[in-house]
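Got a structure for you, questions after.
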Amino acid sequence: MDIYDELGVRKVINGIATVTVLGGSIMPPEVVMAMISASRNFVSIDDLQKKAGEKIAEWTQNESAFICCGAAAGLALSTAACITGTDHAKCSRLPFTEGMKNEVIIHKLNRNGYDFAIRQVGTKIVEIGTEAGTTPEDMENAINEKTAAIFYFYNISRMGGLVPLEKAIEIAKRKKVPLIVDAAAQIPPVENLWRFTRMGADLAIFSGGKGLCGPQSSGLIVGRKDLIEACALNANPRCYIGRPMKVGKEEIVGLLTAIRWYLNLDHKKLMQTYEDQVQYIIDEFSNNPYVTAKRNFPSEAGQPMPRAEIIFDENSLGISCDKIMAQLRNGEPSIELARAGANSIFVNPQTLSIGQEKIIVKRIKEIISNPMNNEK
Ligand SMILES: *Cc1c(COP(=O)(O)O)cnc(C)c1O
């Protein structure tokens, strides 16, 4: 009996991804232990932030780093930082930005739900390009004296039509406008922790509760020292725009520990585990004439990791993909998988513990072999 049983909340096998709706990721025991240890004493939050930031910057080869309560908070804080700098008077006025730099440039193709976090600071989004594409001139022409920042949402699978990142960075540098990369779901690969800032991005933002396996309510901003200082100024414990996005001592220590854990992982071995889980699924269905399982690459967020796609011959099986997914969700244990094509699903090993791929295969086999399926 655990707290979820006590509350009557169903526990879920998550084969989708590090999605917030299912709780992000699972923290390794040493992260949880570090959080317990952090919970036992009072400390100065500013002192803890400063020292944790210094360590993380050193480990990730960045000038500076800051822990916030999620990548979305990182978007809001970094936006605020670009508007206010370290001017307290400006901080105290947000989200009212009259008379300040308050325009943020985003590719039309990059618009997504998370840009609410950029808008909530009081910015006006200036879209560049069209669905068909964007030219470097579109970006250059959008920059003016009111431009606070350029945001770039990185996802290798969805960057056709964007100004290439290298080019965008060159324009931003020449025009002296900060360029910020949203790389929330871009771990793995581990190198991304320094890759974007080395390329010349002013800041890069990562979710703590996705690939890093830190607390779900944690995020990481890395990059330019002056901008990180401005992020910190806008954040808890000061009562500015970031105050409702408070990150606690437990999350700060938790994410610091998760980053150290993640950097020390055997990344090759982890990828091999994912490959093995995917291969198991492929092998298990290789003799079924109505089910095809194959390796799919890269992940939904464009990360270099494999997942399995399972394709169902709905007519021959007598059951639709929708019904299979519903039975997986409502069965015992509850299994959540993402839709792939019209009659297929993905199984993503990133959020599966070892052995859960076997449970998923077993449940799918049970569901598709039910003799009731063919009865209308
Ligand atoms: C997940 C995600 C976020 C939000 O991250 P949180 O840590 O959950 O706040 C922001 N941007 C992108 C592109 C994401 O995938």
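Towards the positive end of the charge dipole of the chain, with charges on Cβ (+1 Lys, Arg; -1 Asp, Glu), say which of C213, I26, A81 has the farthest Cα.
The residue sitting most towards the positive pole is A81.
Which value in deg cm²/dmol, rounded to the nearest 500, describes the helix-derived mean residue ellipticity at 222 nm for the chain, given -39,500 (n - 2.57) per DSSP H run of n ≥ 4 and division by the residue count?
That calculation yields -11500 deg cm²/dmol at 222 nm.
Cross-link partners among lysines for K175, C-alpha distance below 24 Å, same-chain residues fewer than 8 apart left out?
K90, K101, K108, K124, K146, K167, K225
Leaving out ligands, DNA and RNA but keeping every protein chain, what accessible area does Y4 have, in Å² rounded to the nearest 10, with a 1.4 Å probe?
Accessible area, nearest 10 Å²: 120 Å².
Go through segment 307-322 residue by residue and turn each phi into a ³J(HN,Hα) via Karplus (6.51, -1.76, 1.60, θ = phi - 60°); whole Hz please, and just put x for glycine and proline.
Couplings: 9, 9, 10, 10, 10, 9, 7, 4, 5, 5, 6, x, 8, 7, 4, 4 Hz.
Here's another thing I want to ask about it. What is the Cα centroid distance between segment 231-286 and segment 109-131, reported in whole angstrom?
Their Cα centres are 25 Å away from one another.
Where in segment 164-200 is the amide nitrogen less than 13 Å from a point lying 7 Å along the Cα-to-Cβ axis of Q61?
190-200
With point charges of +1 on the Cβ of Lys and Arg and -1 on the Cβ of Asp and Glu, referenced to the Cα centre of the chain, which listed residue (I125, A232, L256) lies farthest in the positive direction of the dipole?
Of I125, A232, L256, it is A232.
Moving on. Run the reach check for K246 against lysines, Cα to Cα strictly under 17 Å, same-chain hits fewer than 8 apart removed. What comes back?
Filter leaves K50.
In whole Å, how far is the Cα centre of segment 303-376 from that of segment 1-51?
28
Can you spot the aspartates and glutamates whose alpha carbon is less than 19 Å from K11's alpha carbon? Ignore those fewer than 8 places along the same chain.
Within the straight-line cut-off, K11 pairs with D2, E332, E336, E357.
Accessible area per residue, 1.4 Å probe, Å², for the chain: what's the number?
Per residue, the chain has an accessible area of 47 Å².
Rounded to the nearest 0.05, what FRET efficiency do Q279 and S320 give with R0 = 30 Å and r taken as the Cβ-Cβ distance? Could you check?
Working: r = 27 Å, r/R0 = 0.90.
So, using R0 = 30 Å, E works out to roughly 0.65.
Size of the dipole of the chain about the Cα centre, Lys and Arg at +1 and Asp and Glu at -1 on the beta carbon, nothing else charged, in debye to 20?
Charge dipole, the chain, about its Cα centre: 600 debye, nearest 20.
For the chain, what relative contact order do you get, as a whole percent, if you take Cα pairs closer than 8 Å and at least 6 residues apart?
Here the relative contact order equals 22 percent.
Along the positive direction of the dipole of segment 28-263 (beta-carbon charges: Lys, Arg +1; Asp, Glu -1; about the Cα centre), which of W194, V163, S37 reaches farthest?
So the residue we want is S37.
How many angstrom separate the Cα center of segment 175-192 from the Cα center of segment 152-174?
10
At T135 and N287, where each label point lies 7 Å from the Cα along Cα→Cβ, what is the point-to-point distance in nanometres?
Each label point lies 7 Å from its Cα, and together they span 6.1 nm.
Something else about it: Please report the carbon-and-sulfur percent of the accessible area for the chain; probe 1.4 Å, protein heavy atoms only, DNA, RNA and ligands left out.
Accessible surface attributable to carbon and sulfur in the chain totals 53 percent.
Let me ask something else. With a point put 7 Å past each Cα toward its Cβ, work out how far Q272 is from R111 in nm, to one decimal.
4.7
Turning to a different aspect of this structure: Which net charge results for the neighbourhood of T135, defined as the other residues with beta-carbon distances under 13 angstrom from its beta-carbon, given Lys and Arg at +1 and Asp and Glu at -1?
Residues close to T135 contribute a combined charge of -1.
Still on this structure: If I model a spin label as a point 7 Å beyond the Cα along the Cα-Cβ vector, how far apart are those points for L7 and K225 in nm?
Each label point lies 7 Å from its Cα, and together they span 4.3 nm.
Right, next: How high is the FRET efficiency between A89 and M33 when r is their beta carbon distance and R₀ equals 56 Å, given to the nearest 0.05?
It comes to 0.85.
The values are calculated or read from the model by the stated rules, or taken from the named source; none is laboratory data. Predicted model only: the values in this text are computed from it and were never measured. Cβ coordinates were reconstructed from backbone atoms using ideal geometry, including for glycine residues, and neighbour counts include every protein chain displayed. All accessible areas refer to the heavy atoms of the entire protein, side chains included, with ligands and DNA or RNA removed. Shrake-Rupley method; radii C 1.70, N 1.55, O 1.52, S 1.80 Å.
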